[in-house]
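No lab work stands behind these numbers, since they all come straight from the coordinates. What you are looking at is a predicted structure, and each value in this text was computed from that prediction instead of being measured. Don't worry about glycine lacking a Cβ; one is built from the backbone with ideal geometry, like all the others, and counts go over all protein chains shown.
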Amino acid sequence: MNDPKHPLLASLKDATGLRDFSPQQLESAADEIRDVLCNLLATRTAHFASNLGVVELCLALHCEFDFRTDRLIWDTGHQIYPHKLVTGRYHSFPSIRTQGGLMGYPNPHESEYDLFMTGHAGCSVSTAVGLRSGDIMVDQPDRRTVAVIGDGAFPSGIVFEALNNAGHLEDDLTIVLNDNKMSICHRVGAVAGYLDRLRSNPYYTGLKSEVGKLLEQIPMFGDPAERFLAQLKEGVKAGLVGGMLFEELNIRYVGPIDGHDIALVRKYLAMAREMKGPVLLHVVTEKGHGYKPAAADPVFFHTPPAFEDRDGKPVPRHSDGLPPFTVHARDAISQAMAADEKVSVITAAMCQGNKLEPVREKFPKQFFDVGICESHAVAFAAGQCKAGARPIVDIYSTFLQRSYDQIFQEVSLQDLPVVFMLDRAGLTGPDGPTHHGVYDVGYMRLFPNIVVMAPGYAEELGMMLRFALDHNHPCSIRYPKASALQRDQPVPEIELGKSEIIRPGEDGTIVAFGAMLENALAAAEMLEGELDICVVNARFAKPIDEEMVRQSIETGKFVLTVEENAVMGGFGSAFLESAVAQRLDTRGVQTLGLPDSFVEHGDRNELLHQCGLSPEAIAERCRQATPATSTFA
Ligand SMILES: Cc1ncc(C[n+]2csc(CCOP(=O)(O)OP(=O)(O)O)c2C)c(N)n1
Ligand SMILES: CC(=O)[C@@H](O)[C@H](O)COP(=O)(O)O
Ligand SMILES: [Mg+2]
């Protein structure tokens, strides 16, 4: 089906069609992809600058490999849009990041070109090493394997585990390091400095241009002399100028090359493909390339709000609503750091998402961005704690999953008072199952010593942080990617293991953990005149308010626990564990939360309704709740 706006993209049934494109047509295809990306951002927020930066790289990859059989893993996967556009999904692309539409990340259910559903950074090299090893084991040695990993993801510890193994196995593998000098914010760390040196080393640049001239004189790649020259260049270069970090690990280093020059990238991909053993091709790109405002501000344009382009000027659509929990968390963290210079905040490359830029500017000595290194972030925090500092790990619930063992060994077992501020705890909406933070109540409350809290409304967040900083044990405070209910009335002090009755009622009780309080209150208001509903703000999942558990079961006809977390292992489980320990009759108790399955991407409120957590759905559950009838009495 053709499309006059993007005729080349519309003509592609799959990526093999790209091989018939002339160089000019490939350039035009790049323009078409960028136009589609800009059109998308006029409709909704999405990943933008990262996708703009890999357009030429994507085209070159699909020209040099047939990824219907070869293996391609895009690390993290947020830069997958050009790949989707050239692999038969142009016509369905407008649905991306909407419920039932394409995912904003790779999705094997959509296409044979997508091998893993990802969204967490750093795993591509490991899965690629595994794919190559597996293909050898199942006698499929002709399948080539490529991992594309960004410079922000590259310092993740798991990447060095993979490089260590790749250098040992010596299986053929191409690792494309997409170096655009950016993570979401500017990249940090010693690896970043090393990459900067590789990018700017004069020797290598000179050598490259000399070798480049030689290579250009040989008409077609594949000539043995050119291969010899290329190997010689690599040998001389590795000795003289760079890539030694990789060469010493038995991984050939090639580059850096201009990642926006399709023909050049093709040439080097073809060369890497023919080289034996693991090869790292260092590709230099510009995040936001091709749309000036994004290239000028790749931080804002990482996932910008929907905007309209007015004569080259992006005009964001204003967002209404109460400030999100994230703003209240940032302000509370800032106040805590101002009050005590021993308080630090640690982010794992999410300064922008956690809205910590003002904190970074105001408290440079107390602010630590460790990069996409969550396991390190938690152990680092434990070390700071042991020394007498009071670190706050400000981190997305889903990304903290990477630090599970450090939470156990470095924090819980040592009983160190690290404070975890878990942002994006709950359904994150369009990012989908890789980003929904729906397991932290379960994974945090399992470990001894850890206090697990969640604010039901804005004013509580700061109070909980102050409580946590005064508490001499580890604490976790979770809140969703959502605007925060504001109580605008006096708030009872935070007392360990104590809940708060927000709304009295006789007919039944809704016990809300965290931000679901808003929907619980709305449900109770809907039932005015039908049922007189008590609403409890649980505040603590651990230690849970045992008295509240007993009272809510013994008064009224039913109890609904409500949480934006997986029911299994979550607050509802804690409630039932307490009820059973107190020998209470739990037949009138129902636990509402997220299912034991992955919730797809979509609008958060629609997803909440689907999962039975909207005010309407909660109200309906109250209506259906049968009074506790005991046949054993
Ligand atoms: C484990 C994990 N931590 C944090 C993130 C959030 N995140 C998504 S993309 C990104 C930056 C990635 O930088 P890079 O790999 O260089 O890709 P680029 O956007 O520059 O193309 C971060 C921190 C994530 N997806 N996974
Ligand atoms: C790819 C990735 O993990 C981040 O870009 C993430 O999508 C940011 O999420 P927020 O937009 O909720 O900060
Ligand atoms: Mg980058």
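Using +1 at the Cβ of each Lys and Arg and -1 at the Cβ of each Asp and Glu in region 28-114, identify which of LEU61, PRO94, ALA29 lies farthest towards the dipole's positive end.
So the residue furthest toward the plus end is PRO94.
Give me CYS58, CYS185 ranked fewest to most by other Cβ atoms within 10 Å of their Cβ, as a rough exposure proxy.
Ordered by Cβ neighbours within 10 Å, fewest first: CYS185, CYS58.
Where Lys and Arg each count +1 and Asp and Glu each count -1, what net charge lies around TYR105 among other residues with Cβ under 12 Å from its Cβ?
Working: positive: LYS84, ARG97; negative: ASP75, GLU110, ASP114, ASP431, GLU600.
Neighbourhood net charge equals -3.
Could you let me know the centre-to-centre spacing of region 432-467 and region 31-91, using Cα atoms, in angstrom?
Centre-to-centre (Cα) distance: 35 Å.
Taking the radius of gyration and the Kirkwood hydrodynamic radius from Cα positions alone, what is the Rg/Rh ratio for region 267-381, to two decimal places? Could the numbers behind the result be given before it?
On the way: Rg = 19.8 Å, Rh = 17.8 Å.
That ratio is 1.11, to two decimals.
Straight-line reach from LYS542: which lysines fall under 21 Å, measuring Cα to Cα and dropping same-chain residues less than 8 apart?
Cross-link targets: LYS498.
As a test of the definition: which semi-axes, in Å, follow for region 370-454 when you take the square root of five times each eigenvalue of its alpha carbon gyration tensor? Largest first, please. Don't skip to the answer; put the middle values down first.
Values: eigenvalues 96, 38, 22 Å².
Each semi-axis is the square root of five times an eigenvalue, giving 22, 14, 10 Å.
May I ask what percent, to the nearest 5, of DSSP beta bridges between residues of region 500-624 are antiparallel?
Numbers: 3 of 18 bridges.
Of those bridges, close to 15 percent are antiparallel.
When a footprinting reagent is the concern and you count Cβ atoms within 10 Å, what order do ASP440, ASP311, ASP135 take, fewest first? Intermediate values should be presented prior to the final figure.
Working: ASP440 27, ASP311 5, ASP135 20.
Taking fewest neighbouring Cβ atoms as first place, the list is ASP311, ASP135, ASP440.
Please provide three numbers in whole Å: the alpha-carbon extents of region 325-478 along the principal axes, with the largest listed first.
37, 33, 30
Kindly list the residues of region 69-105 that lie in the label zone of PHE116, defined by a backbone N under 17 Å from the point 7 Å along the Cα-to-C-beta vector.
Flagged as within label range: 70-80, 105.
Work through the residues other than PHE467 whose Cβ is under 9 Å from its Cβ and net out their charges, Lys, Arg +1 and Asp, Glu -1. Could the numbers behind the result be given before it?
Details: positive: ARG466; negative: ASP470, GLU493, GLU495.
It works out to a net charge of -2.
Would you please name the GluC sites (Glu not before Pro) within region 473-518 that are DSSP coil residues with at most 10 other C-beta atoms within 10 Å of their C-beta? Mind showing how you got there, number by number?
On the way: sites: GLU493, GLU495, GLU500, GLU506, GLU518; in loops: GLU493, GLU495, GLU506.
Hits after loop and neighbour filter: GLU493.
For the pair GLN99 and ARG623, how long in nm is the line joining their label points, each one 7 Å along Cα→Cβ?
It is 1.9 nm.
Between GLN140 and PHE408, what length in nm is gained on full extension when 0.36 nm per residue of separation is reduced by their alpha carbon distance? Please report the intermediate quantities before stating the final value.
Working: separation 268, 0.36 × 268 = 96.48 nm, distance 4.05 nm.
Length gained, GLN140 through PHE408: 92.4 nm.
In the structure displayed, which of LYS365/LYS386; LYS181/LYS292; LYS292/LYS481 lie more than 24 Å apart, Cα to Cα? Could you put the intermediate results ahead of the total?
Details: LYS365/LYS386 18 Å; LYS181/LYS292 17 Å; LYS292/LYS481 29 Å.
Beyond 24 Å between Cα atoms: LYS292/LYS481.
Rounded to the nearest whole Å³, what is the per residue volume of the convex hull around the Cα atoms of region 525-566?
Numbers: hull volume 3.9 nm³, N = 42.
Enclosed volume per residue, from the Cα hull, is 94 Å³.
When averaged across all projection directions, what area in nm² does the alpha-carbon convex hull of region 511-580 cover?
In nm², the orientation-averaged hull projection of region 511-580 is 4.5.
Out of the DSSP beta bridges found with both residues in the chain, what percent are antiparallel (nearest 5)? List each step's numbers first, then the result.
Working: 12 of 68 bridges.
Bridges in the chain that DSSP calls antiparallel: roughly 20 percent.
Stokes-Einstein at 10 °C, 1.306 mPa s, Kirkwood radius from Cα pairs: D for region 500-624 in µm² s⁻¹? Don't jump to the answer; show the numbers that get you there.
Details: Rh = 14.3 Å.
For these conditions, the coefficient is 111 µm²/s.
With N denoting the number of residues in the chain, provide Rg(C-alpha) divided by 2.2 N^0.38 Å, to two decimal places. If you can, show how the numbers build up before the last one.
Values: Rg = 26.9 Å, N = 633, 2.2 N^0.38 = 25.5 Å.
In units of the globular-protein estimate, the chain measures up at 1.05.
As an exercise, identify the trypsin sites (Lys or Arg not before Pro) in region 520-596 lying in DSSP coil whose Cβ has no more than 15 other Cβ atoms within 10 Å. Write out the running numbers ahead of the final one.
On the way: sites: ARG539, ARG550, LYS557, ARG583, ARG587; in loops: ARG539, LYS557, ARG583, ARG587.
For trypsin sites (Lys or Arg not before Pro) across region 520-596 that sit outside H, G, I, E and B with at most 15 neighbouring Cβ atoms in 10 Å, the list reads ARG583, ARG587.
Based on C-alpha coordinates, I'd like the Rg and Dmax of region 353-395, in Å.
10.6, 28
Return the whole-Å distance between the Cα centroid of region 127-144 and the Cα centroid of region 268-286.
Between the Cα centre of region 127-144 and that of region 268-286, the gap is 18 Å.
Mind checking region 39-131 for trypsin sites (Lys or Arg not before Pro) that DSSP puts in a loop (not H, G, I, E or B) and that have at most 16 other Cβ atoms within 10 Å?
Details: sites: ARG44, ARG68, ARG71, LYS84, ARG89, ARG97; in loops: ARG44, ARG68, ARG89, ARG97.
Passing sites in region 39-131 are ARG44, ARG68.
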